[in-house]
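Have a look at the structure below, then the notes.
What follows is calculated from the coordinates using simple rules that are stated; it is not laboratory data. Only a predicted model underlies this, so the values are computations on that prediction, with no experimental measurement involved. Here the Cβ is made from the backbone with ideal geometry for all residues, glycine too, and neighbour counts use every protein chain on show.
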Amino acid sequence: MDWSNKRILVLDGGSRQCLPVLKGLHDIGCRITTVNESRLDNGYSSRYPDERLLRGKGDPWAYILEQVKTGKYDALIPLSDASTDLVTRHLAELKPHVCIPVPEREVFLDAYNKQHTMEICMDIGVPCPITRRENETVDEAVRKIGFPLIAKPRMACGSVGLKIVRDRGQLDRLLSSGEVPLDDYVLQEFIPQTGRQYNIHLFMDDERNLKSGLVTEKTRWFPVDGGASCLCRTIEDAKVLADCEKLIHTIGWRGYCEIEMIEDPRDGLFKVMEINGRASASIKIMQLAGMNVGQQMAELAFGEEVTAFTCQRQDVRMRRIATDLLWLIKAPDRFTRKPSWFSPVRTHEVVFSLADPKPFFASALSLVTHAMRYRQEMEARSRN
């Protein structure tokens, strides 16, 4: 295909994940427009877009619909949770105007809903925490799971709303008060947080074939007692990759997704925690490993055969320097953790690139600007 006449509108210019997607689209010759909220956004400061739009503070859906109806774009790529949710919700209105490399709404919600994900894992034999099934009573679930257990929202990101429940009395109080509505929460076993943590990046075509798969290990995170990755590295684990492919194939996914898994130190199994159906902030590690996910998104959007990529470089490491510095300050094992914080071997920054350096400095300036605004707001409040 002649990609030079393909015009791609990429949402979420303020995200870190936009950068490897922009590079991938640029490398095959697409004409790229980014939607940004600030001139300091990565998608605005990057050298790869041909055009940069600044969106105001109005309704994001109205803005997206207005842009695609101009006829200026052939494809639309959402990257964040919010925009992917918005686009899948309005696929019927968007499809007459642009091609979009995302799953259907029902599939997206199946993956986003942690209860549905756990039910599918249990049905097909993919390791996951012991979880209350939809048709089980609380008594049945408690007998099966035991205490402590975890109560977490079915439709939320990360640890938002998560509660560790120590005994039956606490569980009954949470249920009776409505703080943990059973229809909106998952009840599952508590897995000790001492095992390894994996993120698995996958890309599926329209026939549900795996076109790229990459297993990465979170080796440092901040906050140090459990948070987002500040250093990850590529590893080989065929069993984990096969389990994730089986899960995402069963769901019927198309496009990119990321699966979070944790090692249970009691039995050594890696267990599925959740599926992220949007482009991950760490998606750049696929590019570092030799995979062009931007190209795959374009191919899927236009109905082309999706190029298969395999990992070309093992033990590639990617860090987010800002939080990695905080980890160095706070972590008690800062000098003994492997790989060493001070080792530059195969280590890359999540935003910085010699080929496209401006986003790194724009991001740093944006952090300083936001910090100054926050301080000014706090000072203004104190005077009142």
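For the chain, set up a GNM with springs between Cα atoms under 10 Å and report which of Val224, Val186, Val87 has the largest fluctuation.
Top of the fluctuation ranking is Val224.
Once the Cα atoms of helix 168-177 and of the chain are each reduced to a long axis, what angle between those two axes, in degrees from 0 to 90 to the nearest 10, is obtained?
Helix 168-177 and the main axis of the chain meet at about 50 degrees.
Within the stretch 273-293, whose backbone N sits under 19 Å from a point 7 Å along Cα→Cβ of Arg346?
282-292
For the pair Thr307/Gln193, report the inter-label distance in nm, with labels modelled 7 Å from Cα in the Cβ direction.
4.0 nm
Around Tyr63, with a cut-off of 13 angstrom between Cβ atoms, what is the net charge of the other residues, counting Lys and Arg +1 and Asp and Glu -1? Don't skip to the answer; put the middle values down first.
Numbers: positive: Arg55, Lys57, Lys69; negative: Asp12, Glu37, Asp59, Glu66.
Charge balance in the 13 Å sphere: -1.
Which of Phe270, Phe147 has the fewest other C-beta atoms within 10 Å, and how do the rest follow up to the most?
Details: Phe270 23, Phe147 14.
Fewest-to-most ranking of Phe270, Phe147: Phe147, Phe270.
Kirkwood hydrodynamic radius, the chain, all distinct C-alpha pairs: what's the number in Å? Write out the running numbers ahead of the final one.
On the way: mean 1/r = 0.0451 Å⁻¹.
For the chain, inverting the mean 1/r across all distinct Cα pairs yields 22.2 Å.
Listed here are the pairs Lys218/Lys271; Lys69/Lys211; Lys23/Lys152; Lys6/Lys211; which of them are more than 26 Å apart at the Cα? Don't jump to the answer; show the numbers that get you there.
Working: Lys218/Lys271 15 Å; Lys69/Lys211 31 Å; Lys23/Lys152 37 Å; Lys6/Lys211 22 Å.
Cα-Cα > 26 Å for Lys69/Lys211; Lys23/Lys152; rest within.
Find the relative contact order for the stretch 205-307 and round it to a whole percent, using C-alpha pairs within less than 8 Å whose residues are 6+ positions apart.
Details: 116 pairs, mean separation 23.2, N = 103.
Relative contact order, the stretch 205-307: 23 percent.
Describe numerically, in nm with one decimal, the distance between label points set 7 Å from Cα along Cα→Cβ at Asp2 and at Leu328.
Inter-label distance under the simple model: 5.1 nm.
Please report the Cα spread of the stretch 130-189 along all three principal axes, rounded to whole Å, starting with the longest.
Per principal axis, max minus min of the Cα coordinates gives 28, 21, 18 Å.
Enter the Cα centre distance for the pair the stretch 107-138 and the stretch 7-24, rounded to the nearest angstrom.
When both Cα centres are located, 32 Å separates them.
How many nm separate the modelled label positions at Arg208 and Leu182, each set 7 Å beyond the Cα in the direction of the Cβ?
Each label point lies 7 Å from its Cα, and together they span 3.2 nm.
Just how many % of Cα pairs in the stretch 146-305 lie over 19 Å apart, if you round to the nearest whole percent?
Details: 7662 of 12720 pairs.
The proportion of pairs with Cα distances above 19 Å equals 60 percent.
How high is the relative contact order of the stretch 229-384, given as a whole-number percent (alpha carbon pairs under 8 Å, six or more residues apart)?
Computed value for the stretch 229-384: 22 percent relative contact order.
Is it possible to state the helix-based mean residue ellipticity at 222 nm for the chain, with each DSSP H run of 4+ residues giving -39500 (n - 2.57), the sum divided by total residues, to the nearest 500 deg cm²/dmol? What is it?
Calculated at 222 nm, the ellipticity per residue is -10500 deg cm²/dmol.
What is the percent of Cα-Cα separations in the stretch 157-226 that go past 18 Å?
Values: 1451 of 2415 pairs.
Tail of the P(r) past 18 Å holds 60 percent of the pairs.
With a ≥ b ≥ c taken as the square roots of the eigenvalues of the C-alpha gyration tensor of the stretch 271-312, please select rounded if a/c is under 1.5 and otherwise prolate if a/b is larger than b/c or oblate if it is not?
Numbers: a/c = 1.98, a/b = 1.35, b/c = 1.47.
It comes out oblate by the Cα gyration axes.
Output ³J(HN,Hα) for the stretch 138-146: one whole-Hz value per residue in order, computed from phi by the Karplus curve 6.51 cos²θ - 1.76 cosθ + 1.60 with θ = phi - 60°, and x for Gly and Pro.
Result, rounded to whole Hz: 4, 4, 4, 5, 5, 4, 7, 8, x.
Take every Cα pair under 8 Å in the chain that's 6+ residues apart, average their separations, divide by the length, and report that relative contact order as a whole percent.
Working: 717 pairs, mean separation 67.7, N = 384.
Averaging sequence separation for qualifying contacts and normalising by length gives 18 percent for the chain.
With axes computed from alpha carbons, what is the tilt in degrees of helix 114-124 against the longest principal axis of the chain, rounded to the nearest 10 within 0 to 90?
70 degrees
Would you please put 167-176, 259-268 in order of how densely packed they are, using the mean number of other Cβ atoms within 10 angstrom per residue and starting with the highest?
On the way: 167-176: 13.7, 259-268: 16.5.
Final packing ranking: 259-268, 167-176.
I'd like the orientation of helix 321-330 relative to the chain: the angle between its Cα long axis and the longest Cα principal axis, in ° from 0 to 90, rounded to 10.
Relative to the chain, helix 321-330 is tipped by roughly 30 degrees.
Restricting attention to the stretch 27-79, which trypsin sites (Lys or Arg not before Pro) occupy a DSSP loop and are surrounded by at most 14 other Cβ atoms within 10 Å? Don't skip to the answer; put the middle values down first.
Details: sites: Arg31, Arg39, Arg47, Arg52, Arg55, Lys57, Lys69, Lys72; in loops: Arg39, Arg47, Arg55, Lys57, Lys69, Lys72.
Within the stretch 27-79, the qualifying trypsin sites (Lys or Arg not before Pro) (loop, at most 14 other Cβ atoms within 10 Å) are Arg39, Arg47, Lys57, Lys69, Lys72.
Need one number: the % of Cα-Cα pairs in the stretch 58-130 sitting beyond the 21 Å mark. Present the calculation step by step, with values, prior to reporting the outcome.
Numbers: 1008 of 2628 pairs.
Roughly 38 percent, once rounded to a whole number.
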